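Accompanying notes for the structure given below.
The values are calculated or read from the model by the stated rules, or taken from the named source; none is laboratory data. Source: prediction; values computed, not measured. A quick note on method: Cβ atoms are made from the backbone with ideal geometry, for glycine too, and the neighbour counts reach across all protein chains shown. When the accessible area is computed, the model is the full protein with side chains, heavy atoms only, and any ligands, DNA or RNA have been set aside. Shrake-Rupley method; radii C 1.70, N 1.55, O 1.52, S 1.80 Å.
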Amino acid sequence: MADAKRLIPVVTSPEEFFGFKLGSDRKLARWDKITDYFYKLESESDRIKVVEMGKSTEGNPFLLVIISSPDNLARLDHYKSINAKIADPRGLTPEDVRQLVREGKAIVCQTMSLHATEIGGTQMAPELAYDLLSCDSDVTKEILENVIFLMVPCFNPDGQIMVTDWYNKYLGTEFEGTMLPYLYHKYAGHDNNRDAFALNLVESRYVARILFTEWHPHVFQDHHHMGSTGARLYIAPYCDAIRPYADPLVWRELSWYGGHMAYSLEEAGKTGILNGAQFPGWGHFGFHWIANHHNIAGMLTESASAKLATPVYIHPHQLEGASPKTMPEYEPQTNFPNPWPGGWWTLREIVEQQKIAAWSLLEICAKFRDKILWNAYLKASRQTRRGAEGSPKAYIISGEQHDPLTALKLIDLLLAQGIEVKRASKGFTADGRVYPEGSFVISLAQPKMGVIRSLLGRTFFPDNYWTRNPDGSPIMYDTATDTIAEFMGVRAEPADSLDILDEHLAIVGQIEPEFCEPDKTPDCIYYQIEGYILDPRLNDTFAVINGLLSEGDGEDVRIWRFEQALLAKEHPNYPDMPPGAFYVEHTGDLALRLAGLCKQKGVPFYPVAYVAPVPRHKVRRLKVGMYQRYWGGNMDEGWSRLVLENFGFRYVTLMDDDFKEGNLEEKVDVIILPSDRPELILGPEGDQPRLGRFDISAIPPEYRSGIGKQGAEAIDEFVRSGGRLVAFDGACKFAIDTCNLKLTNVVEGLTFEDYYCHGSTLRVKADTEHPVAYGMPGEFYALVWGGQAFEVRDRFAAHNYRVIAEYPDRDLLQSGWLIGEKLIANKPCVVSAKCGEGEVVLFGFRPLFRAQTHGTFKLLFNCLFDRNRFEQ
């Protein structure tokens with residue numbers, strides 16, 4: 001950027017527009033003003049196009065800013081088409097591709113401030129845009145001519161507004177620069193970048209469209225922050241271990257790009273630059289990691305944080321290494337040759353170093369455009385060949401699934417990743433197994449082979465030098481597997497030999513719920529319809545039931561659940577159903593309302609002419625409350641809210657005072673405690689200086705949350721008076737202690753060398769006759785992060801404890817990494833405990849984990865309906 005001297009004065013500078021230099025101490029530009037600035041730039045320059053992709057979760061504009069030469073901007077669809085062909089070159093000759101390369105442009109995408117407290121990227125974005133629009137240097141011209149720059153100036157607009165307003169609220173007080181006390185996204189908080197493959201958030205869907213289906217950029221960089229006491233800036237490449245199935249060129253590209261950025265930063269006099277350490281190549285499948293398996297060189301920057309826009313002082317002795325393996329000490333090493341000496345660290349330093357990294361990436365892509373485009377072709381064609389020659393050749397998602405509607409949701413996710421999916425128009429066999437018409441086939445002979453293998457194939461996290469610390473403890477960054485098919489409870493079966501012609505496989509374009517209005521049974525032809533049966537195996541059945549109960553508060557709807565299986569051979573004209581099938585009585589215009597809801601969700605319903613003589617109980621939707629705390633918020637709570645809303649469950653948020661006031665039974669019937677540490681539920685006591693990792697004195701008093709002993713006693717009284725307490729994973733300890741349950745977690749207090757399960761899918765057996773497990777398969781996969789394995793210690797009243805689900809005796813691991821299998825084998829992981837007149841339901845895992853684990857949603861859903869037996 002040193003040669004960027006001649007300016008075009010017609011473009012308004014950020015400093016002129018905002019009234020201060022971006023990154024200045026104690027100054028933050030708010031998203032609404034930043035949005036106005038980008039539209040102003042668009043009105044002043046022909047080098048920029050601003051696209052509002054839609055609204056964010058809370059209704060703020062989500063922008064894509066495209067910067068290139070005027071000629072390129074005039075032909076964006078043309079260049080998008082060229083790049084789509086290079087990204088999937090099947091059917092093209094090398095000469096066809098060479099012509100596309102000669103004509104095409106390097107596509108670079110960079111996103112800013114996905115994590116809203118990591119504010120530097122969004123503050124940097126207007127400056128980066130201004131430099132590209134106002135500079136007339138040779139480097140700038142080369143970038144504009146050869147690169148189409150796709151910039152997302154704020155990945156999380158809602159969070160950016162929250163953080164800016166929070167910072168300004170306490171500016172000039174003793175709490176200036178302290179953390180946001182609640183989630184900085186309505187549902188996800190920091191977890192929003194864990195959503196790249198599940199796409200539960202609208203913001204994720206926007207970026208997935210840019211990266212995976214519309215633009216297929218060659219390079220993607222996501223700008224983040226990290227802790228304050230290590231390197232000043234981490235840049236590509238990643239360190240070991242790396243996730244398999246990406247094309248090797250990707251890993252070389254990351255070193256190439258990262259080396260150029262590091263060179264540029266050193267050239268600019270920046271210190272404390274680290275690359276090739278700290279962040280491993282096998283992390284969660286967030287956008288910058290999953291991009292590599294899309295043949296996109298995906299990377300991130302991580303800047304040391306200030307106190308938001310307030311400078312922070314770091315003493316030299318406070319500086320520390322990044323990890324025991326890759327940067328054990330804060331000392332010079334080949335990938336960290338110029339340590340920062342300590343002192344004041346500011347937001348302006350963050351803005352400057354991120355801008356240099358962003359510009360440097362554009363510069364190298366402009367200079368080596370042809371090579372980058374040709375290598376995009378090589379990656380795509382080689383991955384296609386690997387998929388064709390390797391094993392398995394395909395994954396098949398049968399039309400016969402435990403929950404076929406959830407299987408369709410999985411197909412929709414694959415399509416959103418840009419994966420080619422085909423559907424069979426006739427039945428076929430593969431590897432000796434028979435598949436019905438309508439089954440889906442995902443061939444690995446396509447450019448996104450690596451994504452397919454990672455999302456659908458059984459995965460084992462490596463146990464090797466790179467994944468163990470010197471003391472033997474495991475090293476892992478987030479989940480050990482991202483096998484979304486397992487999370488969703490959908491069978492995706494590998495196959496090598498398919499007995500079906502291509503003409504019977506049609507490419508799937510879009511997935512819609514498939515509703516087949518059932519024929520009336522013979523009895524219904526001659527007799528009046530008495531009611532309708534709905535399948536408890538379908539998650540979406542619960543959405544339909546909630547829809548019925550929501551209309552007019554459900555007063556005119558009578559719904560029952562059968563407590564035993566329905567067998568057609570015993571009950572003529574009834575469909576086969578497992579325990580827990582819903583029976584909706586036919587009244588008034590109910591048939592039309594039911595049909596409308598079922599058609600919307602794709603849920604079949606079965607009219608019957610009589611009520612089967614099977615034990616049943618009336619369904620009453622319970623009043624549900626879920627605890628929400630501060631201390632930065634609880635992501636499991638946020639995701640749980642999203643799932644409940646998606647399936648039509650009403651709930652109220654319970655804060656500390658709701659518990660301290662008591663009389664909980666007058667407010668709710670069910671209390672949900674999302675996974676949490678007991679001390680964060682209870683809150684601080686007396687004058688204790690810290691609560692876990694939190695310095696209490698740095699938090700405004702009104703946000704030092706906790707229900708305290710008084711609130712815990714209220715929960716105990718609530719349960720003993722007939723309420724239902726549902727606890728997820730880490731919150732189980734609080735529930736056990738509070739309600740004095742004679743139950744222990746057998747892995748509590750163990751070291752990671754003895755027991756470790758960090759985001760792995762484990763096999764679980766369910767008692768499907770228990771109401772909590774209605775509609776579940778006899779064996780399912782649970783995504784376990786830490787997890788609880790219980791042992792009933794009560795020898796006098798053991799009958800008060802009911803095991804709903806337990807781990808099998810061996811071979812528990814499906815995907816991921818499990819240390820200490822023997823410790824949890826044969827142990828319960830979902831337990832119901834009678835407590836006075838009420839009950840406590842303990843989940844040893846998170847059934848709604850990141851809104852991704854559709855396969856275990858029903859376990860919670862069943863807890864939210866009354867299941868008292870109807871006395872006939």
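Points to keep in mind about this one:
- Residue count for region 616-664 satisfying the condition of being more than 18 Å from residue 676 (Cα to Cα), open to solvent by 50 Å² or more (accessible area, probe 1.4 Å) and of a type in the set (A, V, I, L, M): 1.
- Filtered by the rule that a residue be part of a loop (DSSP other than H, G, I, E, B) and surrounded by fewer than 24 Cβ atoms within 10 Å (Cβ to Cβ), region 116-155 gives 117, 136, 137.
- Some residue of region 465-480 being open to solvent by less than 20 Å² (accessible area, probe 1.4 Å) and closer than 17 Å to residue 245 by Cβ: yes
- Looking only at residues in region 815-841 that are in a helix (DSSP H, G or I) and under 16 Å from residue 785 (Cα atoms), the one that is least open to solvent (accessible area, probe 1.4 Å) is 824.
- Test result for residue 611, modelled with pLDDT of 90 or more, open to solvent by less than 10 Å² (accessible area, probe 1.4 Å), assigned to a loop (DSSP other than H, G, I, E, B) and touching a strand residue (DSSP E or B) at 6+ places or on another chain (Cβ under 8 Å): no
- Qualifying residue in region 596-607 (condition: in a helix (DSSP H, G or I), in contact with a Pro (Cβ under 9 Å, 6 or more places away or on another chain) and buried (at least 22 other Cβ atoms within 10 Å of the Cβ)): yes
- Within region 257-278, being open to solvent by 10 Å² or more (accessible area, probe 1.4 Å), over 22 Å from residue 366 (Cβ atoms) and under 31 Å from the mean Cα position of the chain (by Cα) holds for 276, 278.
- Taking first residues from region 731-742 that are touching a residue at least 60 places away in the same chain (Cβ under 8 Å) and partners that are of a type in the set (A, V, I, L, M, F, W, C) and open to solvent by 20 Å² or more (accessible area, probe 1.4 Å), the Cβ contacts under 8 Å between residues at least 6 apart in sequence or on separate chains come to 734/682.
- Options 812, 860; residue that is open to solvent by less than 10 Å² (accessible area, probe 1.4 Å), closer than 29 Å to residue 718 by Cα, under 27 Å from the mean Cα position of the chain (by Cα) and touching a residue at least 24 places away in the same chain (Cβ under 8 Å): 860
- For region 283-319, filtered to residues that are closer than 20 Å to residue 338 by Cα and polar (S, T, N, Q), the residue that is surrounded by the most Cβ atoms within 10 Å (Cβ to Cβ) is 303.
- Total residues in region 264-298, condition within 26 Å of residue 207 (Cα to Cα) and not in a loop (DSSP other than H, G, I, E, B): 12
Table: residues versus (1) outside any helix (DSSP H, G or I); (2) more than 26 Å from the chain's Cα centre (by Cα); (3) within 18 Å of residue 498 (Cα to Cα); (4) among the acidic types (Asp, Glu).
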residue	(1), (2), (3), (4)
371	no, yes, no, no
374	no, yes, no, no
381	no, yes, no, no
406	no, no, no, no
410	no, no, no, no
429	yes, yes, yes, no
450	no, no, no, no
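- Residue match in region 842-849 (condition: surrounded by 24 or more Cβ atoms within 10 Å (Cβ to Cβ), part of a helix (DSSP H, G or I) and of a type outside the set (Val, Ile, Thr)): yes
- Scan of region 667-709 for residues that are open to solvent by less than 70 Å² (accessible area, probe 1.4 Å), more than 30 Å from residue 621 (Cα to Cα) and part of a strand (DSSP E or B), ordered by number: 691, 694, 695
- Matching residues in region 61-87 - criterion: being open to solvent by less than 60 Å² (accessible area, probe 1.4 Å) and either farther than 19 Å from residue 47 by Cα or hydroxyl-bearing (Ser, Thr, Tyr) (or both): 61, 62, 68, 69, 79, 81, 82, 83, 84, 86, 87
- Annotation note: Cβ proximity below 6 Å between a residue of region 197-209 that is in a helix (DSSP H, G or I) and a residue that is not small (Gly, Ala, Ser) (sequence gap 6+ or interchain) occurs for 202/57; 204/195; 205/199; 206/53; 206/62; 208/199.
- Any hit, region 756-772, residues being among the basic types (Lys, Arg), free of Cβ contacts under 8 Å to residues at least 60 places away in the same chain and open to solvent by 60 Å² or more (accessible area, probe 1.4 Å): yes
- Candidate set from region 559-595 (those that are among the small types (Gly, Ala, Ser) and either closer than 14 Å to residue 529 by Cβ or touching a Leu at 6+ places or on another chain (Cβ under 9 Å) (or both)); member that is most open to solvent (accessible area, probe 1.4 Å): 588
- Tallying residues that are at positive phi and crowded, with 21+ Cβ neighbours inside 10 Å within region 408-461 yields 1.
- Selection within region 481-499 - out of contact with any His (no Cβ under 7 Å at 6 or more places or on another chain), open to solvent by 30 Å² or more (accessible area, probe 1.4 Å) and either not basic (Lys, Arg) or not in a loop (DSSP other than H, G, I, E, B) (or both): 493, 494, 496, 497, 498, 499
- Residue within region 791-803 that is buried (at least 22 other Cβ atoms within 10 Å of the Cβ) and either more than 21 Å from residue 639 (Cβ to Cβ) or under 26 Å from the mean Cα position of the chain (by Cα) (or both) present: no
- Test: residue in region 560-570 that is within 21 Å of residue 862 (Cβ to Cβ), among the aliphatic types (A, V, I, L, M), out of contact with any Lys or Arg (no Cβ under 9 Å at 6 or more places or on another chain) and part of a loop (DSSP other than H, G, I, E, B): yes
- Matching residues in region 211-228 - criterion: being touching a His at 6+ places or on another chain (Cβ under 9 Å) and open to solvent by 10 Å² or more (accessible area, probe 1.4 Å): 216, 225
- Against the test of being among the small types (Gly, Ala, Ser), closer than 14 Å to residue 111 by Cβ and either in contact with a Phe, Trp or Tyr (Cβ under 9 Å, 6 or more places away or on another chain) or open to solvent by less than 10 Å² (accessible area, probe 1.4 Å) (or both), the options 188, 241, 208 yield a single qualifying residue, 208.
- Scanning region 736-779 for residues that are among the aliphatic types (A, V, I, L, M), outside any helix (DSSP H, G or I) and over 25 Å from the mean Cα position of the chain (by Cα) gives 741, 743, 746, 747, 750, 766.
- When the test is whether a residue is in a loop (DSSP other than H, G, I, E, B), open to solvent by less than 60 Å² (accessible area, probe 1.4 Å), at pLDDT 95 or above and not hydroxyl-bearing (Ser, Thr, Tyr), residue 730 does not pass it.
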